Amino acid sequence: MTTRVTIHEVAAAAGVSVSTVSKVMNGRYGIAPRTVDRVQAVVRELGYESSLGARSIRSQRSGVIGVLVPEIEPFSAEVLKGVSQVLHDTAYDLLAYSGSRQRGSEGWERRSLNRLSGSMIDGAILVTPTVVNVGVDIPVVAVDPHTGPADLPTVESDSFAGAREAVRYLIDLGHERIGYVSGRADLRSSAAREAGYRKALADAGIRPDPRLIVEGQYEDRIVRRVARALLQHSDRPTAVFAANDVSALAVIDTAVEMGLDVPRDLSVIGFDDIPEASRSLTRLTTVRQQIQRVGAEATRMLLTLLEGQEPRATHIRLPTRLVPRATTARVHAGVATD
């Protein structure tokens with residue numbers, strides 16, 4: 001069984017330091033051309049091509065697509081599945097990357113791209129990036145960026161229309177006191193869902209009640225706390241629309257802990273249609289955004305850019321669809337609706 005050639009062996013054979021080999025592999029400046037040629041020759045001679053850095057030296061391509069996420073959670077996991085499906089029949093490998101302590105840290109994508117671009121990845125997909133002016137020389141596509149479409153090619157779902165459809169559905173079931181558990185205030189898609197909620201109420205002539213709108217931040221612990229306060233009101237809502245499925249499931253758990261029956265006492269709708277939504281004990285009514293398709297479309301766009309071509313569209317907004325299940329029902333006769 002052969003052992004993999006190490007960077008130390010390359011350095012020894014080339015008569016240079018390990019740091020010099022590293023600089024050559026990463027294409028950094030400050031190394032004499034003769035030294036660069038010698039290191040590259042040793043890399044080829046020793047069969048160090050299996051390394052991503054060496055492969056990049058030889059072909060200027062690593063053959064790797066990077067997907068950068070602030071954290072691995074249900075949404076980003078589904079995006080990754082979509083990316084993987086498209087890359088399956090290509091020569092590209094997939095690198096999923098989540099740096100430490102990135103959540104809530106603006107500009108995390110810049111730091112991550114600076115570490116990976118140049119030798120590790122040929123292009124990148126950024127999932128919910130906080131900024132889009134990343135300043136790198138590789139093609140980059142953004143999925144659901146905080147600020148919405150900008151200079152980078154982007155793929156997102158129609159959060160406004162999806163939210164409006166969800167709340168209209170609750171209104172058609174006779175609900176008027178409809179609560180809203182929002183997501184993260186810094187996400188444009190979260191703001192669009194609140195706008196859709198408000199638009200549906202306005203269309204039905206229902207004035208939004210500020211007491212029924214709470215901020216969950218897509219955090220289970222926070223959602224449970226604000227949901228309990230919301231459902232303790234004497235004139236509590238008869239229905240709740242949550243900005244994502246994770247929040248909706250936390251609302252249901254809290255309601256059940258408080259002795260409420262879902263959907264008899266409280267109807268609940270989520271947003272996303274993650275796998276857990278249809279596998280839960282009480283199957284969740286939700287707005288389905290095609291998350292895997294979002295990842296797939298972003299990948300196709302990136303592959304087009306890597307081929308040196310312009311994609312047919314640089315900003316894609318995919319439609320959503322309401323999926324009624326077991327957590328919504330008509331207002332029960334015994335529930336006050338004001």
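Probing with 1.4 Å while keeping every protein chain in the model, the per residue accessible area of region 169-262 equals 42 Å². Just to verify a number: FRET efficiency for residue 278 and residue 185, C-beta to C-beta distance, R0 = 22 Å, to 0.05? It comes out at approximately 0.15. Summary value for region 177-309: 21 percent relative contact order, contacts being C-alpha pairs under 8 angstrom separated by 6+ residues. Calculated FRET efficiency, residue 32 to residue 220, Cβ-Cβ distance, R0 = 56 Å: about 0.50 to the nearest 0.05.
Close amide H partners of residue 64, meaning residues 5 or more places away or on another chain with modelled amide H under 5 Å apart, are 93, 122. Anisotropy class assigned to region 142-260 is oblate, per the alpha carbon gyration tensor with a/c at or over the 1.5 cut-off and a/b no larger than b/c. Beta bridges assigned by DSSP with both partners in the chain are antiparallel in approximately 10 percent of cases.
Round to the nearest 0.05 the FRET efficiency obtained for residue 318 and residue 206 when R0 = 22 Å and r is the Cβ-Cβ distance. Plugging the Cβ-Cβ distance into 1/(1 + (r/R0)^6) gives 0.15. Taking the accessible area of the chain, probe 1.4 Å, and keeping the other protein chains in place, the carbon and sulfur fraction comes to 48%.
For the chain, the 222 nm mean residue ellipticity estimated from helices alone, with every DSSP H stretch of n ≥ 4 adding -39500 (n - 2.57) and the total spread over all residues, rounds to -12500 deg cm²/dmol.
Over region 77-200, the hull volume per residue, using the convex hull of the C-alpha atoms, is 125 Å³. Placing pseudo-labels 7 Å out from each Cα toward the beta carbon at residue 41 and residue 232 gives an inter-label distance of 7.7 nm. Under a 5 Å amide H cut-off, with hydrogens placed 1.01 Å from N, residue 283 pairs with 326 among residues at least 5 apart or on other chains.
Computed over every Cα-Cα pair of region 157-204 and binned at 5 Å starting from 0, the pair-distance distribution P(r) comes out as 5, 24, 33, 22, 11, 4, 0 percent. Both numbers refer to the Cα atoms of the chain; Rg and Dmax are 24.9, 85 Å. Residues of region 282-297 falling in the label zone of residue 256, defined by backbone nitrogen less than 17 Å from a point 7 Å along Cα to beta-carbon, are 282-286. With all projection directions averaged, the alpha carbon convex hull of region 209-291 covers 5.2 nm².
Converting phi to 3J(HN,Hα) with the Karplus coefficients 6.51, -1.76 and 1.60 and the offset θ = phi - 60°, region 156-165 yields 8, 9, 7, 5, 4, 5, x, 5, 4, 5 Hz in sequence order, with x at every glycine or proline.
The Rg/Rh ratio for region 186-330, using Cα coordinates for both the radius of gyration and the Kirkwood hydrodynamic radius, is 1.05. Just checking the listed ones, 111, 236, 61: in the Gaussian network model of the chain with Cα springs under 10 Å, the one fluctuating most is 111.
The values are calculated or read from the model by the stated rules, or taken from the named source; none is laboratory data. Note that the coordinates shown come from a computational prediction; the quantities given were computed from them, not determined experimentally. Cβ coordinates were reconstructed from backbone atoms using ideal geometry, including for glycine residues, and neighbour counts include every protein chain displayed. Note: areas computed on protein heavy atoms with side chains; ligands, DNA, RNA excluded. Shrake-Rupley method; radii C 1.70, N 1.55, O 1.52, S 1.80 Å.
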